[in-house]
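The next block holds one structure in the form of structure tokens; read it before the comments.
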Amino acid sequence: MGSFGNLLILVTYIVEVSLLIYLEVKTWKTLYTPFSFLVLPYTVVLLISISVAGNFNFVEFYYPSILIWCGGMLLFAIPSLTLGALLAFYGKPVNGQVDKGSFPKSILFFIGLVILLFIYHFRQILGGTTFFVGSDDFANDFSGYGFWAHLRLISLPILIMAIYYLDKKHWWLCLVVVPVLLINFLNQVKGWVIIPVISGLALRLYSGKMKLNLLFLCYTTLGAFFVFLVSYMFLPVLGNDSVITSDLFELVYERFIHYFTSGVLGLSYDMAHGFPDKGDFEILIAPFVNLFNQILGDKEILSPVNPLFFHTGISYTNVRTFFGTIYIYSGESGFVLYVLFASIMMYVLKLCTLVFNNVYIYVIYFFECGLLGMGWFEFYFFHLAMIEVPILTLFLMVLDKFFSMRERTNKVGDYGVAEKHSV
């Protein structure tokens, strides 16, 4: 395809995304919707990827790969605009208010216990392994599987809530945020650091606790780069008793650029070579397949990780973005049905935030939006976390309600005793 054809595809995409975002905001009266979370980060990363493609040793960009997102965006917008139109027709609100109280006290003891358990676990591993802190092997032993992996997941909704409630009055929530971030840093999967942080910040923005501006975007970008500094520089240096050098800093910088372009360029390269990694649809529903197999006693775990790596210039990638991965494992007809279903589920969840107006429901909603927000990188909904984190969040809600009821009962009891003595 010539330069004019490539430009036409890019312009078509920009016009489409601009129009759909306009309709989305007009429909929902807010930018913090599933559609926006999905397409806006991808648009930024797409433009960055196009600018570096063919330069700095990166592969050339294959523009027809954008068409998968053009089709996917249109499909994803249909349930959104339809539901929004129905709410408007019946005069129902399209926005809700988030609880602006304080961090639930009942959860403090719970997260304190989780942090102490991980400190104990860290010391146990450190004393019995040859793997250095910051390596993938150490991360796998620390919280890559089993009980510790599930315990780490329960820290994610708590982290989102702590970020949301953090302010000058509740400065002590830093004692929750910092240890939980460190626990997830040690896991060495950058997405599970970025997603809860972005989810917590989005919840603050949505509730009006923060304002979206250029300074916020700069801080967010610097924060993302800091994740790479910790993952590829500070932790390996501390764990391996080495020193920081200019070569190491250059490596981190290259990794940063590679990470942000790997999904877009991975899909581009994959499509240019005819999708040699096309697979079975069950990959897209791997969490449900694995749960069903476990119930039936089948211990084999279906891995959603793409086994085919492409070298896109600096390093290898096996990620294909949100819509790219869906297309690879579903084909044309399956792609249409799955995207429509995914969008319906996300907007039903948004509807739940309007009906229940509960901070825990908002945590679930923004966590799932955070998974969508990583769509420029990969399809995150084939990980168990998309099911487990909402369930764990509901568990925390029940725990909070239980202790709140006990506290109110005790107060009523004390009041009754006081009255009796006064008589």
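The values are calculated or read from the model by the stated rules, or taken from the named source; none is laboratory data. Since this is a predicted model, take the numbers as computed values, not measurements. Ideal geometry is used to build each Cβ from the backbone, glycine not excepted, and the neighbour counts take in all protein chains shown. Each accessible area value is taken on the protein alone, full model and side chains, heavy atoms only, with ligands, DNA and RNA left out. Shrake-Rupley method; radii C 1.70, N 1.55, O 1.52, S 1.80 Å.
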Taking the range 180-228 and keeping residues in contact (Cβ under 8 Å) with a residue 40 or more places away in the chain, under 23 Å from Gly101 (Cα atoms) and part of a helix (DSSP H, G or I) leaves Val180, Pro196, Ile198, Ser199, Gly200, Ala202, Leu203, Arg204, Leu205, Tyr206, Ser207
Which condition breaks for Phe228 when tested against (1) at pLDDT 75 or above; (2) under 18 Å from Gly191 (Cα atoms)? (1)
Are any residues in the range 207-230 surrounded by fewer than 12 Cβ atoms within 10 Å (Cβ to Cβ) and basic (Lys, Arg), and if so, which ones? Lys211
Taking Val243 and the conditions (1) out of contact with any Asp or Glu (no Cβ under 8 Å at 6 or more places or on another chain); (2) at pLDDT 95 or above, which numbered condition does it fall short on, given that it satisfies the others? (2)
Inspect the range 43-56 for any residue being outside any helix (DSSP H, G or I), closer than 30 Å to Leu181 by Cα, in contact (Cβ under 8 Å) with a residue 60 or more places away in the chain and among the small types (Gly, Ala, Ser) and give the result as yes or no. no
Every residue from the range 124-153 that is in contact (Cβ under 8 Å) with a residue 24 or more places away in the chain, within 21 Å of the chain's Cα centre (by Cα) and open to solvent by 10 Å² or more (accessible area, probe 1.4 Å): Asp136, Gly144, Trp148, His150, Leu151, Arg152, Leu153
Residue list for the range 94-123, filter: open to solvent by 70 Å² or more (accessible area, probe 1.4 Å) and at pLDDT 90 or above: Leu113, Leu116, Ile119, Tyr120
Residue by residue through the range 265-289, note down the ones that are over 21 Å from the mean Cα position of the chain (by Cα) and either closer than 19 Å to His383 by Cβ or open to solvent by 60 Å² or more (accessible area, probe 1.4 Å) (or both). Tyr269, His273, Pro276, Asp277, Lys278, Gly279, Asp280, Phe281, Glu282, Val289
Scan the range 182-206 for residues that are open to solvent by 10 Å² or more (accessible area, probe 1.4 Å) and not aliphatic (A, V, I, L, M) and jot them down. Phe185, Asn187, Gln188, Lys190, Trp192, Arg204, Tyr206
How do the pairs read when you match residues in the range 265-283 that are in contact (Cβ under 8 Å) with a residue 40 or more places away in the chain with residues anywhere that are open to solvent by 60 Å² or more (accessible area, probe 1.4 Å) and assigned to a loop (DSSP other than H, G, I, E, B), using Cβ under 6 Å and keeping only pairs 6 or more apart or on different chains? Ser268/Tyr62; Met271/Tyr62; Ala272/Tyr62
Elements of type helices (runs of 4 or more DSSP H) in the range 320-423, at least 2 residues being of a type in the set (Ser, Thr, Tyr) and modelled with pLDDT of 90 or more: 322-356, 359-373
Qualifying residue in the range 163-181 (condition: of a type in the set (Val, Ile, Thr), out of contact with any Phe, Trp or Tyr (no Cβ under 7 Å at 6 or more places or on another chain) and loosely packed, with under 14 Cβ neighbours inside 10 Å): yes
If you check Phe323, Phe366, which single one turns out to be open to solvent by less than 20 Å² (accessible area, probe 1.4 Å) and farther than 27 Å from Tyr165 by Cα? Phe323
Checked Leu113, Leu117, Leu151, Leu126 against criteria (under 30 Å from Tyr32 (Cα atoms) and not aromatic (Phe, Trp, Tyr)); the one match is Leu151
